[in-house]
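What follows is a set of notes on a single structure, which appears directly below.
The values are calculated or read from the model by the stated rules, or taken from the named source; none is laboratory data. On a predicted model such as this, the values are computed, not experimentally measured, just so you know. Cβ sites come from the backbone with ideal geometry, for glycine too, and all protein chains shown count toward neighbours.
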Amino acid sequence: MPISPNIPRGAALAVADLLDNCARIEKGQEVLLLAQIDGLYGGDNMVDETAVAWIQNALQHRGINASVLWIDEKVRPHQWRYLSNTSGEFIFDIMLSWWSRYIGISPYSEKPIRLTVDAGRIVKIEGGQEAKALKDFMASMVAKVGNGVYDFKCLHFGVHPQARISAHQCPNPLYRRLIEHAHSSCIHVHVGAPPATDDYPYWVHCTGDTRTATFKVGDTVIHDRGYLKALENPKVLEVARKYPDRPGVDPVPLHY
Ligand SMILES: [Fe+2]
């Protein structure tokens, strides 16, 4: 486990919120941190040694004896909201960095990747060198996780209106993309949705991300050109008012 490195202010605030307001940690407690190893391999329990070290360090600064236990167990299916029988085209030029690193490409594509989807299956992948690498990667995964690697049936999005960071604050593009991925404007689809297997007990979570989409369910607008409409819900604003020293939910102009 690495020594806790310099922690950005935003991350320190988030860790403090987690410990004080969510976990309600009190002095004198013994704390055991459980961390899922699958998160290190792209599973949906996204975590890394640095983040866990930050939490452990923050606990120790509060005078608490904190231990860490890494758990290696087969992932359970996540309660995603599934799409059914989707057809069309999905075009994206960014993806979750957790998997792009295994594919060997940048999470920021030079050329957009175009997926053609027919009845819930990805039938064509087109674009530049990133699309070719993605196509080859998916073909190589068939032997590990089966044909579910071409399923197109999952869409969800981030909820944090301030989850963005500049390259000056976070020079590592993989971490930067990971943070942006949680922004409320970021809608992503799963490029393939195979379940974990006994031989490959990890959740393949390769994604295609968009940040300026309009997304409707029936007549209800969920996102209006990237703005998550739920952020103006009175109940959300009421919660935000409880924390005036936090970044809040106001939209800030973004430049893509
Ligand atoms: Fe996802």
Condition check: within 16 Å of the ligand (Cβ to nearest atom) and modelled with pLDDT under 80. Does PRO77 satisfy that? yes
For the range 198-209, pairs from a residue that is over 16 Å from ILE71 (Cα atoms) to a residue that is assigned to a strand (DSSP E or B) and away from the ligand (no atom under 16 Å from the Cβ), with Cβ under 9 Å and 6 or more apart or across chains, are GLY208/ILE91; GLY208/ASP93; GLY208/ILE113; ASP209/ASP93
Within the bounds of the range 107-117, is there any residue that is closer than 22 Å to PHE215 by Cβ and not in a strand (DSSP E or B)? yes
Within the range 133-150, identify whether any single residue is buried (at least 21 other Cβ atoms within 10 Å of the Cβ), in a strand (DSSP E or B) and within 16 Å of the ligand (Cβ to nearest atom), and answer yes or no. no
Just a yes or no: is a residue in the range 108-125 away from the ligand (no atom under 15 Å from the Cβ), buried (at least 18 other Cβ atoms within 10 Å of the Cβ) and charged (D, E, K, R)? no
Name every residue in the range 139-158 that is out of contact with any Gly (no Cβ under 6 Å at 6 or more places or on another chain), among the hydrophobic types (A, V, I, L, M, F, W, C) and closer than 11 Å to VAL204 by Cα, in order of residue number. MET141, VAL145
Selection within the range 119-132 - of a type in the set (D, E, K, R) and assigned to a helix (DSSP H, G or I): GLU130, LYS132
Among residues belonging to the range 139-148 that are modelled with pLDDT under 95 and under 17 Å from LEU115 (Cα atoms), point out the one that is farthest from the chain's Cα centre (by Cα). ASN147
